[in-house]
Each structure stands twice: as structure tokens, then as C-alpha cells.
Amino acid sequence: MKKYTYTEQKDTRSGFGDGMTELGRTNPKVVTLCADLVGSLKTTTFIKENPNRFFQTGIAEANMMGIAAGLAIGGYIPYPTTFANFGSGRVYDQIRQSIAYSDKNVKIAVSHAGLTLGEDGATHQILEDLAMMRAMPNMTVINPCDYNQTKAATLALADHVGPAYLRFGRPVVPVFTDPDQKFEIGKAWMVNEGKDVSIFATGHLVWEAILAGEILAEKGIDAEIINIHTIKPLDTAAILKSVRKTKCVVSCEEHQANGGLGDAIAQTLATNFLAPQEYIAVKDSFGESGKPSELMKKYGLSSSNIVEAALKVISRKQ
């Protein structure tokens, strides 16, 4: 088991904010919009340095998506920003009609996703957004795992042509990926090669998968851990290569079991290579108020849950 360590913890939304600061200095076509959440989306420096490339729409997210579509028509690269719940569920119609349908070059950047929003509770803890955006034609869907990867994804999206949904979070999490990494959209990242079970994880669950891999190694189980940062387009080649070797799968996501990464993987396996699969995800439930770490444990998204799922799926192998 390859060892991963970290010297600091940072929130992934700060990775987005610092990525936007860099884009503000290097790409004059990049603009940003916000629905009254500048501080939460960490775009303060971008705005200070580029005041004419920022549009404050107020608490009017649907209007913000329409303005972003118009800016894209004008040749700009707009990054509309808000909380994940407001940037997906509240404005699904506007994204579908004004952005995805006509393949507009808009980068929807959303923070405070998943259970780890914490005390704000179920009304703000969107757990269906990956499913909604994965189903949207033309939409690229990205869910990075730490500060460095979020920054790299933010930069990469400026060069990507077409609509995209970039999801990140509020809590501080370990920073363990390369600060100088090249982010490849649609290309999975091999965290640890193994032969006994494939663990595919996305977002905050990647670090939990690494911790689970260390526990499994102590039990003599060699887990292959792969970071699926791009939910769509899915790296089906990497998934199939891994599963053909290990013959079993655990999928891990801070999202509903229905429609997210796990279902994307299951769809790939059903049409290419059948193998047993266990889901680490929220099981058809809304969230609730609580500390992020407590919610992760209650809803079965911790490293110990991944270990349990890995042992179970290994026992199901034929």
C-alpha cells in the first residue's frame, strides 16, 4: 500500500478561489458571477483584481445562469458561483435550456456540496446534484478530492470548451495530491495499485478510501484505489482494466446511491464486465444538521464503512 501523508488541511473551495485568482491574472476572457456568496466561494481576490470581470446578481440564481449564457455568447468564459444546492436543483431548468441545450461554454462552480455542509442541514445538503448533472446532455461533471486538485480542475476548465459542473466543499480536508499536477478531464487518477478489490472514490471520499486501504493492507488485502474526479465523461477504460484484475468493486461518494458515481460504474460493468459491487453512499435519504465528521459516520461514509464493504464484496467474488 502506497503511503500518503499530508502537512496541512484546507477546504476545497479555497482551491477554487485560488484557481480563479490565477485565471484572473492569466486569462482575460474569464469572468465570474455570484449570487450573494462571494466570501463563501472565495472569489474576493479575483474580484479585487478584476472588478470589471465580476457580476453580482444577488439572490437570483436563475437569472445568474441566463447572464452567464449571454456572456458565453459574447466570447467570455463565465464561472457562475453559488452553493451546490442553488446551482443545481434550484436552477436545473435554466441550466438545461440556456446552457446545456445549446452547448454554452459556461463553468458552473458550486461549493458546500454533500453532507459535509454540516449544521446548515438537509435543505442545503444537496445529495442529488451529480445524478442531475450526469444526466444532462453536453455536461462535464467534476468532483475533485482536495485543495490542490480543485485548483488544478478550475484552471483546466478554462481551456475546456463546453458546459461543466465543478463541485467542491466547505470543510477542511487533508491536502495530499501534487500541487503542480496536470488535471486531465475524464482521466482517472491511480492512487494505489492493487489486486484484491477495486475501490473507486470521488471528492472527500478519496481520503477515506486511502485510510481504508491502509486498514485493509494490515489484514493482508491489497486494494486498488482509484480517484474518479471526473464523473462525466467517465474513464471507463480505467474502471474496466481495474475490475478485470480484481473482479470486485466498492464505489465511494458523498452523494445519493441513486444516480451518482456508483450507478455510473454499475452501468459500465453491466454492459462490459459483470462483477459484484458494494456502494458507499447515502441510501435514499436526506441529510440533517450536525458536525461533518459525525454525519459522515452516521450515513456510512467513513473509512471503516469502506473496509466493511470491501470485505463483503471480496466474499462475493466467484
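Derivation of every value follows stated rules applied to the coordinates shown; laboratory data play no part. Model, not experiment: these values are computed from the prediction. Methodologically, a virtual Cβ is constructed for each residue, glycine included, from the backbone with ideal geometry; neighbour enumeration extends over all protein chains shown.
Alpha-carbon geometry of segment 152-263: the Rg and the Dmax are 14.3, 46 Å, given in that order. When the Cα convex hull of the chain is projected onto planes of every orientation, the mean area is 14.9 nm². When every Cα-Cα distance of segment 189-315 is counted in 10 angstrom steps from zero, the calculated P(r) takes the values 14, 50, 31, 6, 0 percent. With unit charges on the beta carbons (Lys and Arg positive, Asp and Glu negative) and the dipole taken about the Cα centre of the chain, which residue among Asn148, Ala275, Leu33 sits farthest to the positive side? The residue sitting most towards the positive pole is Ala275. Globularity index of segment 89-221 is 1.16 (Cα radius of gyration / 2.2 N^0.38 Å, N = number of residues).
Derived scalar couplings between HN and Hα for segment 158-166 equal 5, 8, 7, 9, x, x, 8, 10, 10 Hz in order, rounded to whole Hz, by the Karplus curve 6.51 cos²θ - 1.76 cosθ + 1.60 (θ = phi - 60°), x for Gly and Pro.
Spatial offset of segment 49-82 relative to segment 120-167 amounts to 17 Å, using the alpha carbon center of each.
Quote the charge dipole size of the chain about the Cα centre in Debye, to the nearest 20; the model charges only the Cβ of Lys and Arg (+1) and of Asp and Glu (-1).
Working: 33 positive and 34 negative charges, 106 e Å.
Its charge dipole is roughly 500 debye.
Shape verdict for segment 9-174, please, from the Cα gyration tensor: rounded (a/c under 1.5), prolate (a/b greater than b/c) or oblate. The shape class here is rounded. Note on Val172 and Gln318: with the Förster distance fixed at 30 Å, the Cβ-Cβ geometry gives a FRET efficiency of about 0.10.
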